[in-house]
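Participant: For reference, the structure I am asking about is given below.
The values are calculated or read from the model by the stated rules, or taken from the named source; none is laboratory data. Given the structure is predicted, the values throughout are model-derived calculations rather than measurements. No Cβ is skipped: glycine too gets one built from the backbone with ideal geometry, and neighbour counts run over all protein chains shown. Note: areas computed on protein heavy atoms with side chains; ligands, DNA, RNA excluded. Shrake-Rupley method; radii C 1.70, N 1.55, O 1.52, S 1.80 Å.
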Amino acid sequence: MALTRRALIGRAGVFGVGLAVLGGTGVATSGFSRAAAEVLPADLLTVPSKFPLPVTAPKALAQLGPAVAGPGPSARIELFAVPTPSSFPADIAVGSDGGLWFTEMVGGKIGRIDPDTKEIIEVPVRDPLSTPAGIKSGPDGLLYITMTVGNRIGVLDPATRVIEEYELPHPASGPLDIVPGPDGAMWNTQTLGNRIARFDVTSRTFTEYPIPTPASAPADIIAGPDGGLWFCELVGNKVARFDPETERFEEYPVPTLAAAPFSPNVGPDGNIWVTYTAGNKVARIDVVTREITEFAVPTVPAGMICGNPGPDGACYFAETVGNKVARLDPETFEFTEYTVPVPGIGPADFPPTPAPDGALWFVGYTGNAIGRLTLA
């Protein structure tokens, strides 16, 4: 598969998956397999940044006053423009310095927005065509980044703003998402390589595990409350769990056909919630029984990408195509949808941990903006 600057994602349309709305709920069966691990060293590339970097004053695109479409609380949305035009911000995380750091897939930079001043700085990566995609804060306070086309893992120090990059063992693996695991390592999905990989933060070596389902296209990954690593198989149409102790996979087909599950997250109820990019639903997986229950999203097509718990104990999801942020009450299962005030913003991701100001921040993938949602 040829890779371009916008390869693999747009996070809203990985591999050009079409939108579909199909019915069905139920319990998925699982398959178990032990992975064959391969441990390989990483090659180091250091990217010195210009420090201090230029600071861009906040440029507010728009604000939405208290408004609500559903039974939930009203909310206010603010939008801030990313300085680099058409940068396609894809993922966002809270750094150890209290800033909100985000990837610019096409811009070839890592951005930081100050939650208080709203000022933005941008750190260029070594190769502007490397497509930085996923970003998470590690146990050592450093930020870990996947370079999807560049086939590297980046390590950014929030204090010095220097990026080190480590080449993956296999070419064209397509690393997409990354997460700190229960073992203190950083785990990433390899969408083209059909693997998940462990990156040791001390030795800077990789251990790779091939996924049982061929060409499954693993997408986002999280550490579950049960000690497992949960990830979505976008093309395989499954949600999988990997046990880092036993090195065994479990795979659960989702009930809706061609749903294109993309992003799992741990809900406030302790279960795994999953977004469907094409199925126009979200799903809840009981971590004990593995039962899957699906919930239809009111807006069609919504193009759901990512989700995370909000500050009020509800589940929040990004409707990239619907241009909304959706709230799902985990007790009543009622949706509330908040329309982003500027058309075409395309909310795509939230930080996995709460922001210092208590707001729900998100990236506007297609609108080149960073959004901030606060409940009224």
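Participant: Return a whole-number percent for the relative contact order of the stretch 244-344, with Cα pairs under 8 Å and 6 or more residues apart as the contact set. Display every interim value, and only then the final one.
Facilitator: Values: 208 pairs, mean separation 18.5, N = 101.
Relative contact order, the stretch 244-344: 18 percent.
Participant: Beyond 18 Å, how much of the Cα-Cα pair distribution for the stretch 82-155 remains, as a whole percent?
Facilitator: Numbers: 842 of 2701 pairs.
Above the 18 Å cut-off, the stretch 82-155 has 31 percent of its Cα pairs.
Participant: Further, regarding this structure: Report ³J(HN,Hα) in whole Hz for each residue of the stretch 350-366, in order, from the Karplus equation J = 6.51 cos²θ - 1.76 cosθ + 1.60 where θ = phi - 60°; Gly and Pro get x.
Facilitator: 10, x, x, 10, x, 6, x, 8, x, 8, 9, 8, 8, 9, x, 4, 8
Participant: Below 8 Å between Cα atoms, with a sequence gap of 6+, how large is the relative contact order for the stretch 174-306 in percent? Write down the numbers at each step before the final one.
Facilitator: Values: 337 pairs, mean separation 19.3, N = 133.
It comes to 14 percent, rounded to a whole number.
Participant: Okay, next question. So for the stretch 158-226, Kirkwood radius off the Cα pairs, Stokes-Einstein at 20 °C and 1.002 mPa s: how many µm² s⁻¹? If you can, show how the numbers build up before the last one.
Facilitator: Details: Rh = 12.8 Å.
Here the translational diffusion coefficient equals 167 µm²/s.
Participant: Then there's this: Would you calculate the separation in nanometres between label points at Asp200 and Asp97, each defined as 7 Å from the Cα along the Cα-to-beta-carbon direction?
Facilitator: About 2.9 nm, to one decimal.
Participant: Please list, in order along the stretch 155-162, the HN-Hα scalar couplings obtained from phi with the Karplus expression 6.51 cos²θ - 1.76 cosθ + 1.60 (θ = phi - 60°), rounded to whole Hz, x for Gly and Pro.
Facilitator: Along the stretch 155-162, the couplings run 10, 10, 8, x, 7, 8, 6, 9 Hz.
Participant: Right, another one. What share of Cα pairs, in percent, lie more than 15 angstrom apart in the stretch 72-111? Let's see the in-between values first.
Facilitator: On the way: 394 of 780 pairs.
Roughly 51 percent, once rounded to a whole number.
Participant: Sort the following peptides by mean Cβ neighbour count (other Cβ atoms within 10 Å, averaged over residues), highest first: 355-362, 258-265. Kindly include the intermediate steps, with their values, before the conclusion.
Facilitator: Working: 355-362: 19.5, 258-265: 26.5.
Per-residue Cβ counts within 10 Å, averaged per peptide and sorted highest first, yield 258-265, 355-362.
Participant: Also: What shape does the stretch 280-374 take by its C-alpha gyration tensor, where a ≥ b ≥ c are the square roots of the eigenvalues and a/c under 1.5 counts as rounded, a/b above b/c as prolate, and the rest as oblate? Walk me through the numbers before you get to the answer.
Facilitator: Details: a/c = 1.97, a/b = 1.35, b/c = 1.46.
Oblate shape, in that a/c is at least 1.5 and b/c is the bigger or equal ratio.
Participant: Please state the equivalent ellipsoid semi-axes for the stretch 135-183: what are the square roots of 5 times the Cα gyration tensor eigenvalues, largest first, in whole Å? Please list the in-between numbers first.
Facilitator: Values: eigenvalues 72, 36, 12 Å².
Listed largest to smallest, the semi-axes of the stretch 135-183 are 19, 13, 8 Å.
Participant: Also, I was wondering about something else. Carbon-plus-sulfur fraction of the accessible area of the stretch 106-215, 1.4 Å probe, in percent? Mind showing how you got there, number by number?
Facilitator: Values: 1650 of 3140 Å².
The value for the stretch 106-215 is 53 percent carbon and sulfur by accessible area.
Participant: Still on this structure, please answer the following. At 20 °C and 1.002 mPa s, what whole-number value in µm²/s does Stokes-Einstein give for the translational diffusion of the stretch 219-340, with Rh from the Kirkwood sum over Cα pairs? Mind dumping the intermediate values first?
Facilitator: On the way: Rh = 14.1 Å.
Using the Kirkwood radius from Cα pairs, D works out to 152 µm²/s.
Participant: Aspartates and glutamates within cross-link reach of Lys136: Cα-Cα under 16 Å, excluding same-chain residues under 8 positions apart?
Facilitator: Asp91, Asp97, Glu104, Asp157, Glu164, Glu165, Asp177, Asp183, Asp200, Asp220, Asp349
Participant: Still on this model: Please list the non-local residues whose amide H lies under 5 Å from the amide H of Glu119, H modeled 1.01 Å from N, same-chain partners needing a gap of 5 or more.
Facilitator: Residues meeting the criterion, in which the H sits 1.01 Å from N, are Asp114.
Participant: Please tell me which of these pairs span more than 24 angstrom C-alpha to C-alpha: Lys109/Lys238; Lys118/Lys324; Lys238/Lys281?
Facilitator: Details: Lys109/Lys238 32 Å; Lys118/Lys324 22 Å; Lys238/Lys281 14 Å.
The answer is Lys109/Lys238.
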